[in-house]
1. Find the Cα radius of gyration of region 351-395, compare it with 2.2 N^0.38 Å by division, and give the number to two decimals.
2. Rounded, prolate or oblate for region 312-416? Axes are the square roots of the Cα gyration tensor eigenvalues, ordered a ≥ b ≥ c, and the cut-off for rounded is a/c under 1.5.
3. Please sort by residue number the trypsin sites (Lys or Arg not before Pro) in region 338-414 whose DSSP state is loop and whose Cβ has at most 13 other Cβ atoms within 10 Å.
4. What order do you get for 108-117, 224-233 when each peptide is scored by the mean count of other beta carbon atoms within 10 Å, highest first?
5. Sort 194-202, 150-158 by packing, meaning the average of other beta carbons within 10 Å per residue, with the highest value first.
6. Compute the separation of the alpha-carbon centres of region 306-378 and region 173-191 and state it in Å as a whole number.
7. Of the listed pairs Lys146/Lys203; Lys92/Lys161; Lys161/Lys203, which have alpha-carbon separations greater than 18 Å here?
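Every number here is computed from the coordinates shown, using simple stated rules; none is lab data. Since we're looking at a predicted model, the values are computed, not measured. In this analysis, Cβ positions are derived from the backbone assuming ideal geometry, glycine residues included, and neighbour counts consider all displayed protein chains.
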Amino acid sequence: MLATLSRLRSPRLLSPEIFLGYILGQEVRSKKVSLLSHSLPVSAAVWQKVTAGSRDVSSSCSLCAKVRGQPKKRELSEKKLTRCFVDHRRVKLMAGSGGRGVSSFHSEPRKEWGGPDGGNGGDGGSIIMKADKFVKSLAQVVPIYKGEDGQPGGSKNCYGKNGSSYYISVPVGTVVKEEGEALADLSEHGQEYLAVFGGIGGKGNRFFLSNENRAPMTATRGMLGQERVLQLELRTMAHAGLVGFPNAGKSSLLRAISNARPAVAAYPFTTLNPHVGIVNYRDHEQVAVADIPGIIRGAHLNRGLGISFLRHIERCRFLLYVLDLSSPEPWTQLVHLRYELDQYEPGLSLRPQVIIANKMDLPEAREKLETLKSHVSQRVIPVSALTGQNTEELILHLRELYDGYLQGEGSGEEKPKRW
């Protein structure tokens with residue numbers, strides 16, 4: 001009896017620190033543990049540590065607790081991608097390889113001469129570029145694309161599955177080049193260009209069956225897919241283009257006549273990427289106007305970003321020269337602009353055009369307007385993009401140029417698509 005009682009141990013009392021730590025480790029629902037402070041003799045330092053640590057305790061069970069992991073990176077929407085405008089890409093395309101052929105023979109009871117039944121491999125998937133009017137930039141185009149490989153053949157004359165073709169969506173107006181040579185011009189919605197071909201599948205031993213060779217053992221591997229490195233250039237598809245020197249007020253003018261909202265600031269080169277605005281008319285007709293970034297002298301020599309800016313003017317059907325009347329001699333700007341356009345592409349400055357005298361709200365603009373009209377023979381429309389003065393005349397004349405182009409009075413090319 002005494003031996004049994006000696007084996008029994010008295011219960012060990014836990015210290016207040018260990019007891020409170022055990023309660024907090026079980027994630028109690030209530031964060032208030034003030035009752036424990038009255039029942040247990042806890043020091044002030046220990047209680048301060050406990051109350052400070054209770055803020056990080058979840059009030060629910062571990063299954064319902066909020067997971068505090070790193071947030072997943074969401075994909076950019078098309079609206080945000082247009083802010084990151086990309087008009088040039090260099091991509092490497094690798095089509096899928098063909099599947100290998102199989103060497104096998106038919107095996108069946110009481111049929112010892114079944115013969116070869118190896119099937120051919122599937123063809124590799126090709127890569128196709130497709131113009132999509134809902135895509136506004138080349139920002140979604142990644143540097144490398146790999147097509148799907150074809151599946152290998154099987155016995156019983158089973159052919160392998162062909163690799164699926166991969167489609168790359170590009171904006172309308174994308175030019176595909178290889179080593180500087182243009183290969184395709186995707187200027188219409190839904191237009192496709194087969195960039196790289198998939199490899200042909202290998203042949204099974206059934207393919208090599210002949211009267212001379214009744215039991216062929218030969219099977220070939222599939223061909224590798226085609227590989228190319230292409231350059232994609234986006235040329236803005238717009239009916240009219242605003243052409244002018246930096247800080248001439250092109251972005252402000254586009255905001256005044258269309259629904260576009262490009263950035264406007266009191267320093268040159270505010271616009272670094274082209275912006276396209278739509279001018280709506282009462283008969284539901286729409287005219288696209290592009291805000292081309294400012295052109296400097298020597299742009300045709302690729303000074304600054306001249307070539308990347310000038311290529312967006314190639315697709316414009318008519319030009320809107322925006323002159324800054326706050327400059328000392330605004331008529332000289334027109335001479336320099338036409339020179340830069342002709343040096344980049346001969347005859348580019350001869351397209352249907354109109355001269356816009358901007359910043360008419362300034363007091364010295366009236367005198368310079370009369371001098372400007374005496375130096376040019378084209379129509380001059382005085383406007384003020386800041387106050388919206390005389391923008392109605394510009395919108396009406398823009399419609400006249402558009403209707404004249406539709407009737408064939410412009411350059412004589414195909415009529416543009418109605419947007």
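1. Values: Rg = 10.6 Å, N = 45, 2.2 N^0.38 = 9.3 Å.
Cα Rg divided by the expected 2.2 N^0.38 Å: 1.14.
2. Numbers: a/c = 2.39, a/b = 1.45, b/c = 1.65.
The shape class here is oblate.
3. Values: sites: Arg338, Lys359, Arg366, Lys368, Lys373, Arg379, Arg399; in loops: Lys359, Arg379.
The qualifying sites are Arg379.
4. Details: 108-117: 11.0, 224-233: 17.6.
Per-residue Cβ counts within 10 Å, averaged per peptide and sorted highest first, yield 224-233, 108-117.
5. Numbers: 194-202: 23.4, 150-158: 20.4.
Ranking, from highest mean packing down: 194-202, 150-158.
6. Value for the Cα centre distance between the two parts: 30 Å.
7. Working: Lys146/Lys203 23 Å; Lys92/Lys161 25 Å; Lys161/Lys203 13 Å.
In this structure, Lys146/Lys203; Lys92/Lys161 lie more than 18 Å apart at Cα.
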